[in-house]
Amino acid sequence: MTISELGSLGEFVGAIGVVITLIYLAFQIRQNTGQLEQNASIAKAAAVNNCNIALRHTRQAIFQSDTVSELFLSGNKDCSNLSDLELFRYRLMLQNITDVMFDIYSQTLETHFSPETWEAQGVNLVKRGLGTNGGRWFWANFQQNYPMRFRQEVDRILGDIPDDKEDI
C-alpha cells in the first residue's frame, strides 16, 4: 500500500468518524430537547401550583375566622364603613388575591401558560375579587402597584361587570 492509498484510507476512516459523531450529536440534541421540554412543563405546573397555594392560603385565612370572614364580606359590600385597621386588613387581603391574579397573568405572558389558565382562573378571580364594591375601591386606589398591561386587562374585565356586585 502506498502512502497515497494510506492517506485516502485515513480520510475515509476520518469521514466515517465524523458521520458517527454527527449522528451521536443529533441523538444527544434530540434527547436534550425532550428533557428541556419536560422541565419546562414541570416548571409551568409548579408555577400554577404556587399560584393556587397562595390563593388557598388567603382563602383559608378568610374562612377559618368568623371575624376575618365578616371583615371580608363587609369590605366587599362597602369598605367606607370599615375602621382604619379593618380597612388596612381588607386591603391586604385584596392585595394578596390581586398578586395571585398578577402571577397568573404574568405566567401566561412570560412562560406561555395556556391562555385557558388565565381565562379559567385569572379572569374569574378578577370578576369575583375586584368586581365587588370594595374590590373596585381597592383597584381604584392601588392599581398603580401593577404594570400597565395588567391594569389594562383588569380594567377590560371589570368593564363587563355591574358596579354594585357584593359577592365573591
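The values are calculated or read from the model by the stated rules, or taken from the named source; none is laboratory data. Predicted model, so just to flag it, every value in this text is computed and none were measured. We place every Cβ from the backbone using ideal geometry, glycine too, and count neighbours over all the protein chains shown.
The set of residues from segment 117-152 being over 24 Å from residue 72 (Cβ atoms) and either modelled with pLDDT of 90 or more or assigned to a loop (DSSP other than H, G, I, E, B) (or both) comprises 147, 148, 149, 152. Scanning segment 98-116 for residues that are assigned to a helix (DSSP H, G or I) and in contact with a Lys or Arg (Cβ under 9 Å, 6 or more places away or on another chain), which turns out surrounded by the fewest Cβ atoms within 10 Å (Cβ to Cβ)? Result: 109. Applying the criterion of being free of Cβ contacts under 8 Å to residues at least 12 places away in the same chain and either among the basic types (Lys, Arg) or within 27 Å of residue 149 (Cα to Cα) (or both) to the residues of segment 58-97, the residue that is surrounded by the most Cβ atoms within 10 Å (Cβ to Cβ) is 59. Say whether the condition of being modelled with pLDDT of 80 or more, polar (S, T, N, Q), out of contact with any Pro (no Cβ under 6 Å at 6 or more places or on another chain) and farther than 30 Å from residue 135 by Cβ is met by at least one residue in segment 56-71. No, that holds for no residue.
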